[in-house]
Amino acid sequence: MAKILCAGIAVLDEVFRVHAFPMPDTKVQASEFITVGGGNAANAAVAITRLGGKAYFAAPLGVDAVGDRLIEGLQREGVDCGDCVRVAGARTPVSAIFVDARGDRTIANYRDHRLNDATVDDPDRLVTAMDAVLVDNRFPDFVLPICRAAMARRIPVVIDADKEADDREPLLNAATHVIFSAACLRAMAQTEDLASGLAHMGKLTDAFLAVTNGPHPVLWYDRGGATVRETPVFAMKAVDTLGAGDVFHGAFALALVEGRGVENALRFAAAAAGLKCSRFGGSAVAPQRAEVDALLAQP
């Protein structure tokens, strides 16, 4: 069983399903409501376990009931949370999320700044038995030592580049694979053109680079020909896109460890993310391995 350490952020998501996003100074009636664990790295860990891997999770959390609840939920999914760092006096992140009839989402997040100073005591120990590491860039100072320890062991290091940062972000050179959200890449490369953005970032890091863009093909930078190539995604009726990118990253990291090349890993990840988008419920409805394999087997 592939062992993957996921590190970054965990959030308690309060999710409201509405017909349309609320206008200022109005009230709307939600048709559905759930409370579910969220956060890029935490969602990726859930996806990995459901797809047949073994996930380990490390994150800075408050010493509070929300942090307890997140850890309990991850443990029920089979995720090992033994290396989470609890910060006394800090509050665990929470989000209020609206999902509209098209499956798009609007998020208001609270993150306690006191979590930013959290660190792991021994990053080398965390990665010793791992086959890969996957991190998000929400707590860059927390995950950077972990990435560097994993790079020293020469195992895959996948970064979910979702938060806008400077294009000289140190994490970019502490990874083997970086997959951007479209918004993050546009901000970091300072261009609206995603292909140009990948080419720009390709000059700043030797990592494999790709960008997801909702229902549009995944773009990735082919260093051999210095060109940008496409991997198609799966046509799905989007019900809820919340967590889809996180599922993508988890599936991609698992596929790499299982020996798939990057093209096949991207397609595997696209299938997992597409299935997630087809149902409401954030990470709670991340797909099982048999569902992804069945979708990939379709002509």
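Worth pointing out:
- Unique residue being at pLDDT 95 or above, open to solvent by less than 60 Å² (accessible area, probe 1.4 Å) and under 25 Å from Lys163 (Cα atoms) when the list is Asp240, Asp246: Asp246
- Boolean, Leu209 is aliphatic (A, V, I, L, M), farther than 30 Å from Arg168 by Cβ and either in a helix (DSSP H, G or I) or modelled with pLDDT of 95 or more (or both): no
- Helices (runs of 4 or more DSSP H) contained entirely in segment 52-156, each with at least 1 residues that are open to solvent by 10 Å² or more (accessible area, probe 1.4 Å), out of contact with any strand residue (DSSP E or B) (no Cβ under 8 Å at 6 or more places or on another chain) and within 27 Å of Gly281 (Cα to Cα): 65-76
- Pro299, sole failed condition from (1) over 17 Å from Val158 (Cβ atoms); (2) open to solvent by 60 Å² or more (accessible area, probe 1.4 Å); (3) at pLDDT 95 or above: (3)
- Leading residue by the ranking (nearest to Glu14 (Cα to Cα)) among those in segment 56-107 that are at pLDDT below 95 and among the small types (Gly, Ala, Ser): Gly103
- Residues in segment 172-186 that are modelled with pLDDT of 95 or more and either more than 22 Å from Phe252 (Cα to Cα) or in contact with a helix residue (DSSP H, G or I) (Cβ under 9 Å, 6 or more places away or on another chain) (or both): Ala174, Ala175, Thr176, His177, Val178, Ile179, Phe180, Ser181, Ala182, Leu185, Arg186.
- In summary, Gly225 fulfils each of the numbered conditions (1) touching a residue at least 12 places away in the same chain (Cβ under 8 Å); (2) out of contact with any helix residue (DSSP H, G or I) (no Cβ under 8 Å at 6 or more places or on another chain) with the single exception of condition (1).
- Exactly one residue among Leu209, Leu204, Leu275 is open to solvent by 30 Å² or more (accessible area, probe 1.4 Å) and free of Cβ contacts under 8 Å to residues at least 60 places away in the same chain, and that residue is Leu204.
- Some residue of segment 199-212 being out of contact with any strand residue (DSSP E or B) (no Cβ under 8 Å at 6 or more places or on another chain) and within 23 Å of Gly103 (Cβ to Cβ): no
- A count restricted to segment 173-198 and to residues that are closer than 18 Å to Asp222 by Cβ and outside any loop (DSSP other than H, G, I, E, B) stands at 11.
- Within segment 65-110, tally of residues that are small (Gly, Ala, Ser), farther than 18 Å from Phe33 by Cα and in contact with a Ser or Thr (Cβ under 6 Å, 6 or more places away or on another chain): 2
The values are calculated or read from the model by the stated rules, or taken from the named source; none is laboratory data. Computed from a predicted structure; not experimentally measured. Cβ coordinates were reconstructed from backbone atoms using ideal geometry, including for glycine residues, and neighbour counts include every protein chain displayed. Calculation scope for accessible area: heavy atoms of the full protein, side chains included, ligands and nucleic acids excluded. Shrake-Rupley method; radii C 1.70, N 1.55, O 1.52, S 1.80 Å.
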